[in-house]
Amino acid sequence: MLRIERISKTFDPNSVNAKKALDDLSLIAEDGDFITIIGANGAGKSTLFNAIGGSFFVDSGRIVLEDQDITYVKSNLRAKKIGHLFQDPMASTAPDMSIIENLALAGMNKGMFSRITANDRDYFREKLKELDMDLDKRMDTPVRLLSGGQRQALGLLMATVNKPQLLLLDEHTAALDPGSAEKVMELTCRIVEDNGITCLMITHDMNKAIEYGNKIVMMDQGRIIQTIDKSTQKNITVEDLILSFRNRQGKDLDNDRMLLGI
Amino acid sequence: MSGIISTALELGLINAIAVLALFLSYQMLNICDLSTDGCFTFGASVGAVVALQGHPYLSIPAAMLAGALSGITVSFLQWKMGIDSLLAGIIVNTALYSINIAVMGNASLVNLNKTDTVFTFCKDLLREGFLSSYYRIIVILLFVMLMILFLNWFLKTKLGLAIRATGSNRIMVASSSVDADRMTMIALAVSGSICALSGCLLAQYQKSSSIDIGSGILTIALASLLIGRIFYRHDSPMLVKICCCVLGSFVFRIIYALSLRLNVPAFMLKLISSLIVALAISFPYFYRRYQEKKQMRKEEGTC
Ligand SMILES: Nc1ncnc2c1ncn2[C@@H]1O[C@H](COP(=O)(O)OP(=O)(O)O)[C@@H](O)[C@H]1O
Ligand SMILES: [Mg+2]
């Protein structure tokens, strides 16, 4: 379970560019939740994920993961329990290393001086087979030769191979062509479901947000303005989301990248 | 004549060890360690002084430890003191100038003519055997092979993978469980110790160490590294990549020897290596420009 209690973050405080990116934000993700997060550009969605991942410390508030207060834990220690995938497929893999080396770096839980054994290769080959992209036959290929979709699928596997307690997906299919995006999304659902991983996903596609999330969180100006639980509001539509945003914020949920689906 | 060739071979191989150090720091970690010259000299002077005290074998680990310390200092300046990586290298390089003179007993030269070194040790060992006249190359080859095997092992360990990831994609590493600062420190320590080993061997090989024994070694080793880069591809096995560094060092020595043949004076060595480095690094840039020009002309043609 992830518990975020009233966190705030201001970038460049004491300057004219001071920007309150997170404003007294609270959020709870129960075990097994798949929470989708929507909101206009600059709403603070990525900043929320970066705060959870630990790329900076919040100014106030607490972040608790599985009963451990991680508010001031360094990001590389948090990464053992939190998988983080970004929009840019280049951000999640090391291009100069082979597929198997990337996977081993993420998922080989042995000593510093251990090397990839034949057993490890078999284990990772099986994992790669599950991606269904023929990467299991190219394990020694440098990752720079893969397509964006393949790299993102590999990044997804790397982020989940150790069964993290939490998976953060920051528009991880937005930079892919439609075919790859669908494929990676399908893999995401399968892996998350099979391993029972708690997952937060930012998306600008409202249909996807409704389709995949068991809860839908709407963000604006560093705050969560609405949380919709699909178990109580079964037949929520994109129109409902837009109307609800307008009623609460007194403005339109305008975002040229937002796929309104109407 | 064969004397010239074997000397070139021997010097090329000693140089190759410094190239291997750069392979780790420059190629794998993607950091240009500007303290390389000073670190090389540090290894030479520490090794020379320890040998002078009558401990030829101890001179090797002592020099390597010194090199590791130098590498750790460079990364400490970056990690804990917020100094840019290039500047950190320059600062340590300058500091090492004074330290090296202090190590050599307030002198800028140490003479090892009558001192036992790893080379004289090997010579004594082989004495009358049929290999006795090859004692120099045997010692050097032994160290080169050890370093090749070590690097090939090291870069494939989990630690080595983490170091390579740090050099390959900082953004990825920032959000992963790898501690980039720690990896930088470990890699610079290891590459520093290999670089110092190279300096230590050169001093004992030429039976003297001086304050400028390492001057320009960074550029020379970089030139060799970039020449070696031509011989492998992205997907070549690690061992091949490492061996290509040694090959690059040879090719560099051959280019150098050829230019000597053309009556280029010996002091031009550093100018030649600078030229090679400048050209090799700018090659991808020129190639891109050329491609763009070609593309432009093609598009003009179709209009
Ligand atoms: N590292 C940073 N430094 C300064 N400002 C930042 C930083 N990261 C994000 N911001 C600002 O915080 C606000 C929220 O950004 P972000 O979380 O990326 O929005 P989005 O919801 O589109 O992902 C934006 O105004 C952005 O400019
Ligand atoms: Mg964003």
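Filtering the stretch A:16-41 down to residues that are of a type in the set (S, T, N, Q) and more than 24 Å from residue A:163 (Cβ to Cβ), which residue is farthest from ligand 1 (Cβ to nearest atom)?
Within the stretch A:16-41, the first condition is being of a type in the set (S, T, N, Q), and the residues that meet it are A:17, A:26, A:36, A:41.
With the extra rule that they be more than 24 Å from residue A:163 (Cβ to Cβ), the set shrinks to A:17, A:26, A:41.
Values: A:17: 8, A:26: 17, A:41: 4 Å.
Restricting to residues being of a type in the set (S, T, N, Q) and more than 24 Å from residue A:163 (Cβ to Cβ), the top hit is A:26.
Spot the failing condition for residue A:139; the list is (1) over 21 Å from residue B:235 (Cα atoms); (2) aliphatic (A, V, I, L, M); (3) more than 21 Å from the chain's Cα centre (by Cα); (4) away from chain B (no Cβ under 11 Å), and only one is missed.
Against the list (1) over 21 Å from residue B:235 (Cα atoms); (2) aliphatic (A, V, I, L, M); (3) more than 21 Å from the chain's Cα centre (by Cα); (4) away from chain B (no Cβ under 11 Å), residue A:139 comes up short only on (1).
Please verify whether residue A:93 is open to solvent by less than 50 Å² (accessible area, probe 1.4 Å), farther than 30 Å from residue A:131 by Cα and more than 16 Å from ligand 1 (Cβ to nearest atom), treating the condition exactly as stated.
On the way: open to solvent by less than 50 Å² (accessible area, probe 1.4 Å): yes; farther than 30 Å from residue A:131 by Cα: no; more than 16 Å from ligand 1 (Cβ to nearest atom): yes.
No: the conditions fail for residue A:93.
Let me spell it out: the conditions are (1) away from chain B (no Cβ under 14 Å); (2) part of a loop (DSSP other than H, G, I, E, B), and residue A:95 meets all of them except one. Which number is the exception?
(1)
Search the stretch A:56-77 for residues being assigned to a helix (DSSP H, G or I) and under 17 Å from the mean Cα position of the chain (by Cα), and hand back the single one that is nearest to the other protein chains (Cβ to nearest Cβ).
Narrowing the stretch A:56-77 to residues assigned to a helix (DSSP H, G or I): A:75-77.
Applying the additional criterion that residues be under 17 Å from the mean Cα position of the chain (by Cα) yields A:75-76.
Details: A:75: 7, A:76: 5 Å.
Filtering first and then ranking leaves A:76.
Given the criterion open to solvent by 50 Å² or more (accessible area, probe 1.4 Å) and in a helix (DSSP H, G or I), identify the matching residue among A:129, A:80, A:110.
Values: A:80 fails: in a helix (DSSP H, G or I); A:110 fails: in a helix (DSSP H, G or I).
Matching residue, one of A:129, A:80, A:110: A:129.
Quickly run through the stretch A:42-87 and pick out the residues that are basic (Lys, Arg) and within 16 Å of ligand 1 (Cβ to nearest atom). Walk me through it before giving the result.
Within the stretch A:42-87, the first condition is being basic (Lys, Arg), and the residues that meet it are A:45, A:62, A:74, A:78, A:80-81.
Result: A:45, single match.
Kindly indicate whether any position in the stretch A:25-33 is open to solvent by 10 Å² or more (accessible area, probe 1.4 Å) and either without any contact (Cβ under 8 Å) to a residue 60 or more places away in the chain or among the hydroxyl-bearing types (Ser, Thr, Tyr) (or both).
Checked the stretch A:25-33: at least one residue is open to solvent by 10 Å² or more (accessible area, probe 1.4 Å) and either without any contact (Cβ under 8 Å) to a residue 60 or more places away in the chain or among the hydroxyl-bearing types (Ser, Thr, Tyr) (or both).
Anything in the stretch B:37-47 that is β-branched (Val, Ile, Thr) and open to solvent by 10 Å² or more (accessible area, probe 1.4 Å)? List them, or say none. Can you show your working first?
Quick first cut of the stretch B:37-47, residues β-branched (Val, Ile, Thr) only: B:41, B:46.
Matches in the stretch B:37-47: B:46 only.
Which of the residues spanning the stretch A:22-55 are among the hydrophobic types (A, V, I, L, M, F, W, C), near ligand 2 (Cβ under 9 Å from one of its atoms) and part of a loop (DSSP other than H, G, I, E, B)?
Residue satisfying the conditions is A:43 alone.
Inspect all residues belonging to the stretch B:193-216 and state whether any of them is within 14 Å of chain A (Cβ to nearest Cβ) and either crowded, with 24+ Cβ neighbours inside 10 Å or in contact (Cβ under 8 Å) with a residue 40 or more places away in the chain (or both). Can you show your working first?
Going residue by residue through the stretch B:193-216, those that are within 14 Å of chain A (Cβ to nearest Cβ) are none.
No, that holds for no residue.
Quick one: which residue in A:200, A:253, A:167, A:157 is at pLDDT 90 or above and within 16 Å of ligand 2 (Cβ to nearest atom)?
Numbers: A:253 fails: at pLDDT 90 or above; A:167 fails: within 16 Å of ligand 2 (Cβ to nearest atom); A:157 fails: within 16 Å of ligand 2 (Cβ to nearest atom).
Criteria check complete, one pass: A:200.
For a quick check of your reading: which strands (runs of 3 or more DSSP E) sit entirely within the stretch A:149-262 and have at least 3 residues that are away from ligand 1 (no atom under 16 Å from the Cβ) and either touching a strand residue (DSSP E or B) at 6+ places or on another chain (Cβ under 7 Å) or among the β-branched types (Val, Ile, Thr) (or both)?
Working: elements: A:166-170, A:198-202, A:215-220, A:223-229.
Once the strands (runs of 3 or more DSSP E) in the stretch A:149-262 are filtered for at least 3 residues that are away from ligand 1 (no atom under 16 Å from the Cβ) and either touching a strand residue (DSSP E or B) at 6+ places or on another chain (Cβ under 7 Å) or among the β-branched types (Val, Ile, Thr) (or both), what remains is A:223-229.
With the requirement that a residue be within 14 Å of residue A:10 (Cβ to Cβ) and either open to solvent by 60 Å² or more (accessible area, probe 1.4 Å) or within 16 Å of ligand 2 (Cβ to nearest atom) (or both), what does the stretch A:56-73 give you? Spell out the reasoning first.
Keep residues of the stretch A:56-73 that are within 14 Å of residue A:10 (Cβ to Cβ), which gives A:56-61.
Scanning the stretch A:56-73 gives A:56, A:57, A:59.
Scan the stretch A:1-13 residue by residue and report those that are open to solvent by 80 Å² or more (accessible area, probe 1.4 Å) and either touching a Pro at 6+ places or on another chain (Cβ under 7 Å) or more than 13 Å from ligand 1 (Cβ to nearest atom) (or both).
First, pick out the residues of the stretch A:1-13 that are open to solvent by 80 Å² or more (accessible area, probe 1.4 Å): A:6, A:12.
Of everything in the stretch A:1-13, just one residue is open to solvent by 80 Å² or more (accessible area, probe 1.4 Å) and either touching a Pro at 6+ places or on another chain (Cβ under 7 Å) or more than 13 Å from ligand 1 (Cβ to nearest atom) (or both), namely A:6.
The values are calculated or read from the model by the stated rules, or taken from the named source; none is laboratory data. Note that the structure is predicted; figures quoted are calculated from it, not measured. Note: ideal-geometry Cβ built from the backbone for every residue, glycine included; neighbour counts use all protein chains shown. Surface areas here come from the heavy atoms of the whole protein model, side chains and all, with no ligands, DNA or RNA. Shrake-Rupley method; radii C 1.70, N 1.55, O 1.52, S 1.80 Å.
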